[in-house]
Every structure is written in C-alpha cells, then in structure tokens.
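Note sheet for the following structure.
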Amino acid sequence: MIQPDWELFFSSFWPMLDGAIRGTIPLALTSFAIGLVLALVLALMRLSTRHWISGIARGYISIVRGTPLLVQLFVIFYGLPSIGVTIDPWPSAVVAFSINVGGYAAEVIRAAILSVPKGQWEAAYMIGMSHRRALTRIILPQAARVSVPPLSNTFISLVKDTSLASLILVTELFREAQQVAAFSNKFMLLYLEAALIYWVICLVLSTGQGFLERRLDRYVAR
C-alpha cells in the first residue's frame, strides 16, 4: 500500500496557496468584473428593439456558449500571434475568461431584467422618468437581486476554470501543483491536494453566496 508523503504535502501547501492568492483569485476577480460589464452591455443589446443590435449580441452569445473555453483561450494566446497580435499570458487569460463570462452572464442579466414586472416600468414613466433613468434607478437594482444566485454560480465556476490558464503558463494554483508534481514525481498526491484547495475556496464562496442571498431577502416583501 502506497503511503502518502505528508512532508511533501505540507511543504507544497504554501506554494499552492500562494498561487491561489496571487494568481487564481485575482485572475477570477478581474475577469469576472470585466465580464460583468460586458454582460450588461450584451444583455441591453439583446433587449434592444433594433434587430441588428440584438442580432450582434445574439451572435456573440451563441459563439461563446457554443465553443469550449479552452479553445477560446488557445485562440487568443496561440492563434492571435499568427496575425501579428501577441498578448502576454496573464492578459490573454483575462481576455479569454472575460469574454466567456460575458457570454454566459449576459443571458442571466437579461432574464433578470425581464423578470421585473412591467408595472415597474409603467410606474417609473408615470412619475416622469426617462427610459434610461428608470432602468438604472428602478429596474437594474431589482434585477441585481434576482441575478445574485446564478451570477455567484458563474463566479464559482470561473474560479475552477482558471486552472486552464496553467496551459498558457500563467502562474496560479494548478500551475504550482504541476511544477511541484513534475519535480517530485508525486502526481496523485499533489493533484489531490490542489483539488482540496479548490474545494475549500469554492466552499467559502458558496457560504458567502448564501449569506448574501439571505441579506438581500430581508428587503423583499412577502
């Protein structure tokens, strides 16, 4: 029976945790923030009455949701240099993940906006609000509460997906695990340790999601 190398387990824990703190979490947060802005723009485009505007957004979302994230990452990092556009590993990962988040989160935000009763629009117009003011002051705050659970799930999935950035040499949690495993030849132990750290991070995020949902539910009339 193979005995686990606990000395290696504990000695590799801090490099992996450092990779998570310095690489995985910042990469996920940056990509998610940019992706949310992109998603909001796409969602509003999808709701536009101008068919060519909604068509552009629909096409973008279809492409992003219909192609693997790994392919998108490789196109940006390995494909663009063939046409003279070279991007460093970290920005490449941010661009790829942001584009992906934008495609998925756009439909979440669009559905959240559509879930707000039409009477809210009518009430805003009755008190003299413009369409833009009604959207920003009345509709989007209500849609934000509805979209918290699915967007939180999107962020948790993104945290796990950042492991793909190791394939373009971005230093993050899984990249650290690969390097230690290659040096020690203890692949099973190190990869299980990396999985454990990912699980703990996602468990913390899930707990935070539940807390946020309960806080927001306090302001909902029942």
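The values are calculated or read from the model by the stated rules, or taken from the named source; none is laboratory data. This one's a predicted model, so the numbers in the text were calculated from it and none came from an experiment. Neighbour counts are summed over all protein chains in view; Cβ atoms, including those assigned to glycine, are modelled from backbone coordinates with ideal geometry. Note: areas computed on protein heavy atoms with side chains; ligands, DNA, RNA excluded. Shrake-Rupley method; radii C 1.70, N 1.55, O 1.52, S 1.80 Å.
A few points about this structure:
- Restricting segment 185-210 to residues that are out of contact with any helix residue (DSSP H, G or I) (no Cβ under 6 Å at 6 or more places or on another chain) and among the small types (G, A, S) leaves a set whose member that is farthest from F13 (Cα to Cα) is G210.
- Out of V64, V85, one residue alone is at pLDDT 95 or above, of a type in the set (V, I, T) and open to solvent by less than 70 Å² (accessible area, probe 1.4 Å). It is V64.
- Applying the condition of being in contact (Cβ under 8 Å) with a residue 40 or more places away in the chain and touching a Ser or Thr at 6+ places or on another chain (Cβ under 7 Å) to segment 145-173 and asking which residue is surrounded by the most Cβ atoms within 10 Å (Cβ to Cβ) yields L173.
- Residue in segment 106-115 that is within 30 Å of G23 (Cα to Cα) and surrounded by fewer than 16 Cβ atoms within 10 Å (Cβ to Cβ) present: no
- Residue list for segment 176-189, restricted to those being open to solvent by less than 60 Å² (accessible area, probe 1.4 Å) and either basic (K, R) or modelled with pLDDT of 95 or more (or both): none
- Test result for T49, surrounded by 13 or more Cβ atoms within 10 Å (Cβ to Cβ) and either outside any helix (DSSP H, G or I) or not small (G, A, S) (or both): no
- Every residue from segment 1-59 that is over 23 Å from S157 (Cβ atoms), within 25 Å of the chain's Cα centre (by Cα) and of a type in the set (A, V, I, L, M): L44, M45, L47, I53, I56
- Remark: pairs (first residue in segment 41-59, over 17 Å from I99 (Cα atoms); second residue assigned to a helix (DSSP H, G or I) and open to solvent by 80 Å² or more (accessible area, probe 1.4 Å); Cβ separation under 8 Å; 6+ apart in sequence or on different chains) = L47/L114.
- Selection within segment 5-30 - surrounded by 14 or more Cβ atoms within 10 Å (Cβ to Cβ), more than 12 Å from L173 (Cβ to Cβ) and modelled with pLDDT under 90: D5, L8, F9
- Residue within segment 203-222 that is open to solvent by less than 80 Å² (accessible area, probe 1.4 Å) and of a type in the set (F, W, Y) present: no
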